[in-house]
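Participant: Before I ask anything, let me first share the structure, which is written out below as structure tokens.
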Amino acid sequence: MTPVVSGGVRDSINEALLDAVRRLGVDGDIPDLELGRAKVAEHGDYATSAGLKLARVLHQDPKAITARLAETIHVAEGAAIAEASGGYVNFRLTDAWLRGLIGRVQPGYGAQDIGRGVRLQVEFGSVNPTGPLHIGHGRGVTLGDSICRLLEFTGHSVQREYYVNSDNTQTRRFGASVYARLHGLEPPEGGYTGEYVIELAEMARRDLAGIENLAEEEAEPKLRMYAINKMVERIRATVARVNVRYDEWYYENRLWESGLPQEAIQRLRESGHLKERDGALWFGDPSDDEEDRVVIRANGQPTYFASDLGYLLSRFEQRGYNRVIEVWAADHHGYVPRMKSAAAALGFDPSKLVIILHQMVNLKEGKMSKRAGRFVTLDELIDRVGSDAVRYFYLLRSPDTTIEFDLELAVTQGNENPVYYAQYAHARLANVEATASQRHPHLAEKADVSLLVHPWELDVARQLAFWPDVVEDSTALLEPHRIPYYVHDLATEVHRFYHAGNAQSEHRVVVDDPALTRARLELCRAARHTLKTALDLMGVSAPERM
RNA sequence: GCCCCGCUAGCUCAGUGGAUAGAGCAUCUGUCUUCUAAACAGAGGGUCUGAGGUUCGAAUCCUCAGCGGGGCACCA
């Protein structure tokens, strides 16, 4: 069982701050007091501009307010002391509390109960299964997976889903391309020309007896489903290589078989959101100024949008998720308002449909085109730089930033890759712990952490104190990229701590004094657990030796 | 034309409206007979694209402009 820690020291400080503010006589609305990390060491660890904020409300001198706040504030457990500085109140974590924290850090430290068992679905990476994943898709699957890991870590009940398109225009073209290859022909206009389509046709010839004798009308759906299943298998294997897991591969045709799109269309028709025009059926919400969208084409075929209407029913109603998070590449951003207004029209709260957009991944060499079959696949990328580096590299960037993927650089990445820096810190700690157990086989069970007095020791503990904040912020904003930056900061403190022993041997972890060794070991253990936990959230391995 | 994202050190990027804007890489200078040097210590490097505005306070919010990328289907 992972111990659940509810919030970090920042939450305690914030509570103490709010309490003190109320005692100043501020009731009702308290403005955002902006408690954040102090940027300069002399300002302590956390700082708030509460004095400046409250000056307006109280019509008093900010300095006076700040001084009174600093006097009044008592942070629980004596975790931090407050001091006034100009219009700011600064908080400094106390050495005693930092020492106490070390012993409380267990595997899974930083886990929280923000979700309180809320059932939600994260749908991510749902690329048309008409080809292998390329490096752009890699971003979506690793981002989605880490968001899931974060949500699970913070007490949400998460279902991870890949939506498999099977009945849309693209997959039909895919089926038609396989059919063409089966008969030694070039794929039709707008079809898929990659080598793998030829392979699929050959495999289908073996596996589907007599398929080449059927007319296209009959053969294409069979070939399509066959090829899609093969591609899904391959996609599944690829994402597994980067530690991405799905609970469900939800096929589009399943929607139609269970009548959900039909049901959605029926309801929207009744509520007046659908209208006929030019022989087609259109969706439009009279209350917004979005353009109308086709649901059923003039030729009678439904669009992907019809499926998506049913998919909304499937998730919000049939399967009853409280919240659905979708991770899309930014080229789909134009579809966001449509989906939101469709959700609203079907009677769901559109704010429960959270859509995360990530920017594209470009190759410096030139654009990718899936249909032309010219792309660098995710598999190739993993082959070249390794799973850990792939995940770290993707997650390092905010979703809003376009990644310019310099393949040459990625391939030659070795020591300059930040993933090694973090992993090395973990491996070092593991090694030190192994050395200690050899030199001191019978160490005391309990550590006397009061022996930890050096700044480089307490700075490791200080960094550990910040971890729950990072978890909280990453979860609230659904921004896993904050994690690698934290991991880097923690690794820095670990390396410094370790290096103190290189400079002077009495500062090593493993020394003659068993009590001192035991105390430092406790710090190593806490830091190692935290590094491991953070790397896990990224899907990056934490090696014991390198 | 309309919509979305970006513009921060030579390069790649962080930076919930707060104090003196950070990191990695690259460059330069030091540190291994040692618990792992894939490390550590230090130096240089900035008109936060530009102009207005809001605010006690703006890289951050608003408006306009520029540049780059993406999108505006009876494709997804």
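The values are calculated or read from the model by the stated rules, or taken from the named source; none is laboratory data. This one's a predicted model, so the numbers in the text were calculated from it and none came from an experiment. Every residue, glycine as well, gets a Cβ built from its backbone with ideal geometry; the counts of neighbours run over all protein chains shown. The accessibility values were calculated without ligands, DNA or RNA, using every heavy atom of the protein model including side chains. Shrake-Rupley method; radii C 1.70, N 1.55, O 1.52, S 1.80 Å.
Participant: Please compute the alpha carbon radius of gyration of the stretch A:454-506, then divide it by the globular-protein estimate 2.2 N^0.38 Å. Two decimals is fine.
Facilitator: Relative to the 2.2 N^0.38 Å estimate, the stretch A:454-506 comes out at 1.36.
Participant: Which listed residue (A:100, A:135, A:117) has the Cα farthest towards the positive end of the charge dipole for the stretch A:97-148, taking +1 on Lys and Arg C-beta and -1 on Asp and Glu C-beta about the Cα centre?
Facilitator: A:100
Participant: Remind me, relative contact order of the stretch A:9-93 in percent, using alpha carbon pairs under 8 angstrom and six or more residues apart?
Facilitator: Values: 132 pairs, mean separation 27.4, N = 85.
Relative contact order of the stretch A:9-93: 32 percent.
Participant: Going by average Cβ neighbours within 10 Å, how do the peptides A:202-211, A:227-236, A:437-446 rank, with the highest at the top?
Facilitator: Numbers: A:202-211: 13.1, A:227-236: 18.9, A:437-446: 10.8.
Per-residue mean Cβ counts within 10 Å order the peptides as A:227-236, A:202-211, A:437-446.
Participant: May I ask you to order A:530-540, A:340-350 by the average number of other C-beta atoms within 10 Å around their residues, highest value first? List each step's numbers first, then the result.
Facilitator: Values: A:530-540: 23.9, A:340-350: 18.3.
Result, highest mean first: A:530-540, A:340-350.
Participant: Quick one: pull the percent of accessible area on chain A belonging to carbon and sulfur, 1.4 Å probe, ligands and nucleic acids left out.
Facilitator: Working: 11920 of 24470 Å².
On chain A, the fraction of accessible area on carbon and sulfur atoms equals 49 percent.
Participant: Show me the ranking of peptides A:132-141, A:115-124 by mean Cβ neighbours inside 10 Å, starting with the highest.
Facilitator: Working: A:132-141: 23.9, A:115-124: 18.5.
Result, highest mean Cβ count within 10 Å first: A:132-141, A:115-124.
Participant: Can you sort A:53, A:275 by 1.4 Å-probe accessible area, starting with the largest?
Facilitator: A:275, A:53
Participant: Residues with beta-carbon under 15 Å from that of residue A:215, excluding residue A:215: net charge, scoring Lys, Arg +1 and Asp, Glu -1?
Facilitator: Numbers: positive: A:222, A:224; negative: A:212, A:216, A:217, A:218, A:220.
Combined, the nearby Lys, Arg, Asp and Glu give -3.
Participant: Tell me the mean residue ellipticity at 222 nm calculated for chain A from its helices only (DSSP H runs of n ≥ 4, each -39500 (n - 2.57), averaged over every residue, nearest 500). It would help to have the intermediate numbers written out before the result.
Facilitator: Details: 19 runs with 268 residues, N = 546.
Result for chain A, helices only: -16000 deg cm²/dmol.
Participant: Does the stretch A:418-538 classify as rounded, prolate or oblate by the C-alpha gyration tensor (a ≥ b ≥ c root eigenvalues; a/c under 1.5 gives rounded; else a/b over b/c gives prolate, otherwise oblate)? Write down the numbers at each step before the final one.
Facilitator: Numbers: a/c = 2.12, a/b = 1.97, b/c = 1.07.
Prolate.
Participant: Here is a follow-up. Antiparallel DSSP bridges in chain A: what percent, to the nearest 5? Please list the in-between numbers first.
Facilitator: Numbers: 21 of 44 bridges.
For chain A, the DSSP antiparallel bridge percentage is about 50.
Participant: Moving on to the next point. For chain A, calculate the relative contact order in percent as a whole number, restricting contacts to Cα pairs under 8 Å that are 6 or more residues apart.
Facilitator: Values: 896 pairs, mean separation 89.3, N = 546.
Normalised by residue count, the contact order of chain A is 16 percent.
Participant: Using only the Cα atoms of the stretch A:1-139, build the gyration tensor, take square roots of its eigenvalues as a ≥ b ≥ c, and label the shape rounded, prolate or oblate: rounded if a/c is under 1.5, else prolate if a/b is larger than b/c, else oblate. Let's see the in-between values first.
Facilitator: On the way: a/c = 2.44, a/b = 1.83, b/c = 1.34.
It comes out prolate by the Cα gyration axes.
Participant: For the stretch A:9-93, with only Lys/Arg (+1) and Asp/Glu (-1) charged at the beta-carbon, what is the dipole magnitude about the Cα centre, in debye rounded to 20? If you can, show how the numbers build up before the last one.
Facilitator: On the way: 10 positive and 13 negative charges, 44 e Å.
Using Cβ point charges on Lys, Arg, Asp and Glu, the stretch A:9-93 gives about 220 debye.
Participant: I would also like to ask the following. Just to check I understand the Karplus step: with θ = phi - 60° and J = 6.51 cos²θ - 1.76 cosθ + 1.60, what whole-Hz values come out for the stretch A:420-427, glycine and proline as x?
Facilitator: 5, 4, 6, 5, 5, 4, 5, 5
Participant: Quick one: P(r) of chain A from all Cα-Cα pairs, 20 Å bins, percents rounded to integers, in order of increasing distance.
Facilitator: Here the calculated profile for chain A is 18, 42, 29, 10, 0.
Participant: On the full set of protein chains, 1.4 Å probe, figure out the accessible area of residue A:178 and give it in Å² to the nearest 10.
Facilitator: Approximately 0 Å² for this residue.
Participant: Here's something else I'd like to know. Please report, in debye to the nearest 20, how large the charge dipole of the stretch A:174-318 is about its Cα centre when each Lys and Arg carries +1 at its beta carbon and each Asp and Glu carries -1 there. Don't skip to the end; give the middle numbers.
Facilitator: Details: 18 positive and 28 negative charges, 122 e Å.
The dipole of the stretch A:174-318 has a size of about 580 debye.
Participant: For Cα pairs less than 8 Å apart in space and 6+ apart in sequence, what is the mean separation divided by the residue count of the stretch A:418-538, i.e. the relative contact order in percent? Working shown, then result.
Facilitator: On the way: 113 pairs, mean separation 51.0, N = 121.
Rounded, it is 42 percent for the stretch A:418-538.
Participant: Can you check what the net charge comes to around residue A:249, using other residues whose Cβ is under 12 Å from the Cβ of residue A:249 (Lys, Arg +1; Asp, Glu -1)? Don't jump to the answer; show the numbers that get you there.
Facilitator: Values: positive: A:160, A:236, A:245, A:254; negative: A:123, A:161, A:233, A:247, A:248, A:252.
So the surrounding residues net to -2.
Participant: Could you state the accessible area per residue of chain A in Å², with a 1.4 Å probe and every protein chain left in place?
Facilitator: Numbers: 24470 Å² over 546 residues.
Per-residue accessible area for chain A comes out at 45 Å².
Participant: Where does the charge balance sit around residue A:154 when Lys and Arg score +1, Asp and Glu -1, over other residues with C-beta under 9 Å from its C-beta? Don't skip to the end; give the middle numbers.
Facilitator: On the way: positive: none; negative: A:113, A:152, A:472.
That sum, taken over residues with Cβ under 9 Å, equals -3.
Participant: A further question on this structure: Roughly how many Å² of residue A:193 are accessible to a 1.4 Å probe, to the nearest 10?
Facilitator: Probe radius 1.4 Å; accessible area of residue A:193 about 60 Å².
Participant: Under a point-charge model restricted to the Cβ atoms of Lys and Arg (+1) and Asp and Glu (-1), what is the dipole moment magnitude of chain A relative to its Cα centre, in debye to the nearest 20? It would help to have the intermediate numbers written out before the result.
Facilitator: Values: 63 positive and 78 negative charges, 139 e Å.
Dipole size: approximately 660 debye.
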